[in-house]
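Below is one structure, written out as C-alpha cells, with a few remarks after it.
Please treat every number below as a calculation from the coordinates, not as lab data. Predicted, not measured: the structure shown is a model, and the values here were computed from it. All Cβ positions, even for glycine, are placed from backbone atoms using ideal geometry, and neighbour counts span all protein chains on display.
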Amino acid sequence: MSEPYQLTFAEAVTLIEGRHLSPVELTQSLLLRIDRLQPVLKAWAYVDSAGALAEARRLERTESRKELQGVAFAAKDIFYTKGIPTEAGAKTWRGFVPDEDAAPVARLRRSGAVLLGKTVTTAFAAGDPVSTVNPWNARRTPGGSSTGSAVAVAARMVPAALGSQTVGSVLRPAAYNGVVGFKPTFGRISRHGVVPQATSLDHVGVLCRSVEDAALLLSVLAGYDPADAASADAPAGDYLSAVRHTSAAPRIGLLRGWFTDEADPETRAHMEAVCRRLSSAGAMVDDAVTGIDFPGALAAHQTIQQAETAEAHRMWFPGHEKDYAPLIRRMIERGMARSVEDYQQALAVQRAMGEGLDRALEDFDVLLTPTVAAPAPSELSTTGDLRFQSLWTLSGMPAISIPTGLSKEGLPLAVQMGAGRFEEPRLLAAARWCEQVLDARLPIPPLAL
C-alpha cells in the first residue's frame with residue numbers, strides 16, 4: 001500500500017471503511033509530512049496536531065461508522081472553527097477564536113472527518129499575495145486566495161481542503177498547483193460562518209486530487225441552510241453515482257474566441273490537443289457560441305465585487321485603513337466610490353451573461369476552456385490571472401478544474417468545465433470521463449519530495 005499521506009480522499013475513506021487503515025495512522029502520516037514540508041511551503045496558518053490526533057483516536061475507538069470516518073481535511077482560514085483561530089489572513093483579525101464551526105466544517109465533522117487545521121489565505125480572500133510557496137517551482141505564484149489549501153493538497157499534506165471563490169480563488173490555485181478544484185452552483189453549499197467578501201459572488205468550494213473526491217465531498221456538503229440567506233432550497237443530487245456509474249461520452253462545447261486569443265501559445269496548443277484526445281475517445285467536441293462580451297462581463301464582475309466588498313467591510317474599515325493589505329484596501333475604496341447605477345448596470349450584465357451561457361448549454365453537457373491563460377507566472381507580487389474563471393462565478397454556475405499535464409517547464413496545465421445551475425451530476429460525470437481518458441496523473445511536486 002502507498003504511504004497513507006499519498007492517498008486521495010476517496011481512497012482513504014475506502015481503506016478506513018474496510019479497516020485496512022486506521023484514522024490514527026492516516027493522521028500521524030499527514031502530521032509528519034506537515035512537520036517536514038511546512039517550513040518550506042508555508043501552506044498552513046494553524047495546525048491542530050493535538051486536537052486532530054485526539055479526534056482520530058476517538059473515532060478509532062467508536063463502533064458506529066460515519067460516512068467520512070477518520071479522513072483528514074483542512075479549512076481555508078476564513079472558515080470559522082470552534083476553539084481554533086480564524087484570522088482571515090488579516091492583521092485586524094489576529095487572535096480571533098470562534099465559538100462555533102462554519103457550516104461546511106460542521107458538516108464534514110459530523111460525517112466523521114478530522115480537521116487537521118487552517119490553511120493560509122490571502123487577506124480577506126482578496127488579491128494580496130502571501131508567503132506560501134508553489135511546490136512545483138518556488139519562483140512561481142501558487143495562486144490565491146485559497147493558496148494554502150491548494151498547496152497543502154498538491155504536496156500531500158492533506159487529501160482535501162475547503163476553499164472559497166469570489167472570482168477564481170478555487171479554480172486558479174487548483175490549476176497552478178496541479179490539483180482538482182471544484183465549486184458548485186451558487187447557494188449549493190452554505191456559507192454560514194465563512195468570512196464574507198462579496199455576498200452575491202462568494203462560493204464555497206473544495207480542492208482535492210480526483211473528481212471522485214469532489215463528488216464525495218459535495219455529497220456531504222450540499223444542502224439547504226436557513227442560516228445563509230443565499231442558500232438554495234433545492235434537492236441535492238446523487239453525485240457519487242454520477243462519477244462511479246456513468247460511461248457515456250459527454251457533449252463538450254469549446255469556448256474559443258477570447259479564451260484562445262488571450263491564452264499563451266503553449267496553453268492554446270495544449271487545449272487543442274486535449275480536445276483531440278477527448279474527441280478520439282468518443283466525446284462530441286464542437287465550438288460553442290455564447291454571444292457574450294467576456295471582457296465586459298469581467299468588468300461588471302469587478303464592479304459587483306468592489307461594491308459588495310466595501311459593504312462587507314463597512315463596519316471594520318473606517319479608522320483601520322492602514323491595517324488592511326494594499327489590494328484589499330484599494331478594492332474597498334473603489335467600491336465605496338461606485339454608484340448605485342454602476343452596480344445595477346453590472347447586475348444587468350451578469351443576468352445577460354447567465355442567459356448566454358444557458359443558451360450555449362442547450363446543445364452541450366459542459367462548456368470547456370483553459371482554466372488559466374498560462375502556467376503559474378513568475379510575478380510573486382500577484383496571485384495570477386483570474387480572467388478565465390470569472391464566467392463561472394459571475395453566472396453562479398458549477399465549475400471544475402482538472403489537471404491535464406505539465407508544461408515544457410514542468411508546471412501544471414489544466415482545463416475547466418462548467419455546466420448549468422444545479423447540474424453538478426452532469427458536470428462531475430463529464431469531468432470524471434475526461435479525467436479517465438486523459439489519465440493526467442501528476443507526480444508529487446519537486447519541492448514536496
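Tabulated values for the structure
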read-out: Hydrodynamic radius by Kirkwood, which averages 1/r over all alpha carbon pairs of the chain, in angstrom; value: 21.5
read-out: Cα gyration tensor of the stretch 317-366 - equivalent ellipsoid semi-axes, whole Å, descending; value: 36, 15, 5
read-out: Centre separation in Å (Cα based) which lies between the stretch 363-402 and the stretch 339-360; value: 19
read-out: Relative contact order of the chain, defined on C-alpha pairs under 8 angstrom at six or more residues apart (%); value: 18
read-out: Where only C-alpha atoms are counted, convex hull volume of the stretch 1-106 per residue in Å³; value: 113
read-out: Fewest-first ranking of Tyr224, Tyr176, using other Cβ atoms within 10 Å as the exposure measure; value: Tyr224, Tyr176
read-out: Rounded D (µm²/s) - the stretch 52-138, Kirkwood Rh over Cα pairs, Stokes-Einstein at 10 °C, 1.306 mPa s; value: 111
read-out: Label-point separation in nm, Glu321 to Ala54, each point 7 Å along Cα→Cβ; value: 4.4
read-out: Ranking of Phe9, Phe259, Phe79 by count of other Cβ atoms within 10 Å, fewest first; value: Phe259, Phe9, Phe79
read-out: Rounded Å value of the spacing that divides the Cα centres of the stretch 409-449 and the stretch 18-91; value: 25
read-out: GNM flexibility winner over the chain from Gly296, Gly420, Gly187 (Cα, springs under 10 Å); value: Gly296
read-out: Unit Cα scatterers, Debye sum, the stretch 89-194: log10 I(q)/I(0) for q = 0.11, 0.14, 0.20 Å⁻¹; value: -0.34, -0.56, -1.14
read-out: At R0 = 30 Å, FRET efficiency that the Cβ-Cβ distance of Arg139 and Thr260 yields, to 0.05; value: 0.65
read-out: Counted charge near Asn177, where neighbours are those whose Cβ lies closer than 12 Å (Asp, Glu -1; Lys, Arg +1); value: +4
read-out: Full-stretch length increase - Gln38, Ser241 - with 0.36 nm per residue and alpha-carbon distance subtracted; value: 69.5 nm
read-out: Base-10 log of normalised Debye intensity for the stretch 2-58 (one unit scatterer per alpha-carbon) at q = 0.26 Å⁻¹; value: -1.11
read-out: Gain in span if fully extended, Lys82 to Val289, counting 0.36 nm per residue against the direct Cα distance; value: 69.8 nm
read-out: Ellipsoid equivalent to the stretch 196-261 - semi-axes via the Cα gyration tensor, in Å; value: 25, 21, 12
read-out: Simple label model, 7 Å out from Cα along Cβ direction - Gln344 to Ser64, nm; value: 5.3
read-out: Pairwise FRET efficiency - Thr382 versus Arg94, Cβ, R0 = 25 Å, nearest 0.05; value: 0.55
read-out: Antiparallel bridges, percent of DSSP beta bridges restricted to the chain (to nearest 5); value: 65
read-out: Gain on full stretching of the segment that runs from Glu3 to Ser280 - 0.36 nm per residue minus C-alpha separation; value: 96.2 nm
read-out: Burial ordering of Asp101, Asp342, fewest other beta-carbon atoms within 10 Å first; value: Asp342, Asp101
read-out: P(r) tail fraction, the stretch 277-405 - alpha-carbon pairs more than 27 Å apart, %; value: 34
